[in-house]
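For reference, the structure is listed below as structure tokens.
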């Protein structure tokens with residue numbers, strides 16, 4: 001049970017601070033990228049020994065496909081991550097409702113006219129698959145060597161930073177279905193209509209990363 005609670009708390013913190021800083025900074029590229037990356041670095045050293053600090057269904061899928069996570073834990077991790085993301089967005093919603101910023105933006109991901117640079121559907125899907133694959137392949141690689149234990153969190157966090165640096169101007173960067181689903185549920189409308197892309201594409205990226213890892217690293 002402790003590992004499921006850890007995944008819940010970890011995802012809550014990631015979503016609250018990642019999307020929260022995106023909102024309060026006005027979508028500042030560097031601030032938002034660092035927020036997600038630094039959150040992962042901190043959490044990796046706090047809950048990494050408890051649950052592995054997946055805080056992302058696409059990461060858990062890759063761990064399952066590579067035999068690093070069993071079926072029971074995979075399902076429980078995903079549920080915990082989604083609930084954690086919803087809790088994080090709930091806290092952010094409450095905080096923003098008492099400010100002039102309002103709750104119109106909760107860090108949702110978009111393609112098309114709602115996106116920053118009008119990225120089309122196909123490009124959005126490709127973007128999320130590639131970014132998710134790079135991020136998750138890095139996780140699989142760095143966590144497979146005990147000699148890297150001291151720097152694992154830093155490597156993963158910095159990878160998430162540079163993934164966000166390119167992804168934010170395109171899709172807002174998901175690479176995490178739970179992180180995208182929560183704000184979409186709260187906002188409804190177009191965010192909820194489009195969220196399937198930011199669920200399916202990161203999962204596909206995770207599966208691709210697992211395939212590459214099994215072929216190249218084993």
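Number of residues in segment 171-205 that are at positive phi and touching a helix residue (DSSP H, G or I) at 6+ places or on another chain (Cβ under 6 Å) equals 2.
Among the residues of segment 111-138, count how many are part of a loop (DSSP other than H, G, I, E, B) and either surrounded by fewer than 18 Cβ atoms within 10 Å (Cβ to Cβ) or at pLDDT 95 or above (or both).
If we filter segment 111-138 for residues that are part of a loop (DSSP other than H, G, I, E, B), which is where we start, we get 111, 115-120.
Imposing the further condition that a residue be either surrounded by fewer than 18 Cβ atoms within 10 Å (Cβ to Cβ) or at pLDDT 95 or above (or both) reduces the set to 111, 116-120.
Final tally of qualifying residues: 6.
Looking only at segment 1-16, how many residues end up being over 17 Å from residue 135 (Cβ atoms) and in contact (Cβ under 8 Å) with a residue 40 or more places away in the chain?
So the first thing to find is which residues in segment 1-16 are over 17 Å from residue 135 (Cβ atoms), and the list is 1-9, 12-13, 16.
Next cut, in contact (Cβ under 8 Å) with a residue 40 or more places away in the chain only: 2-9, 12-13, 16.
Counting residues in segment 1-16 that are over 17 Å from residue 135 (Cβ atoms) and in contact (Cβ under 8 Å) with a residue 40 or more places away in the chain gives 11.
Using the structure shown, decide if residue 209 is buried (at least 20 other Cβ atoms within 10 Å of the Cβ), under 13 Å from the mean Cα position of the chain (by Cα) and assigned to a helix (DSSP H, G or I). Working first, answer last.
Details: buried (at least 20 other Cβ atoms within 10 Å of the Cβ): yes; under 13 Å from the mean Cα position of the chain (by Cα): no; assigned to a helix (DSSP H, G or I): yes.
No.
In segment 26-47, the residues that are on the phi < 0 side of the Ramachandran plot form Cβ pairs under 9 Å with partners that are part of a loop (DSSP other than H, G, I, E, B) and surrounded by fewer than 16 Cβ atoms within 10 Å (Cβ to Cβ), at six or more places apart or across chains, as follows: 29/169; 31/25; 32/25; 35/25. Among the residues that make up segment 150-157, is at least one of them over 21 Å from residue 193 (Cβ atoms) and either outside any helix (DSSP H, G or I) or more than 20 Å from the chain's Cα centre (by Cα) (or both)? Yes - at least one qualifying residue is present in segment 150-157. Inside segment 78-110, residues that are part of a helix (DSSP H, G or I), over 19 Å from residue 208 (Cβ atoms) and touching a helix residue (DSSP H, G or I) at 6+ places or on another chain (Cβ under 9 Å) make up a count of 17.
Scanning segment 35-77 for residues that are under 14 Å from the mean Cα position of the chain (by Cα) and assigned to a loop (DSSP other than H, G, I, E, B), we see that the one that is nearest to residue 200 (Cα to Cα) is 56. Of the numbered conditions (1) crowded, with 20+ Cβ neighbours inside 10 Å; (2) modelled with pLDDT of 95 or more, residue 87 fails exactly one; give the number of that condition. Residue 87 satisfies every listed condition except (1).
Report whether or not residue 96 is over 19 Å from residue 177 (Cα atoms) and surrounded by 18 or more Cβ atoms within 10 Å (Cβ to Cβ). In short, yes.
The values are calculated or read from the model by the stated rules, or taken from the named source; none is laboratory data. This is a predicted model, so every value here is computed, not measured. When we count neighbours, we look across all protein chains shown, and the Cβ atoms used for this are built from the backbone with ideal geometry, even at glycine.
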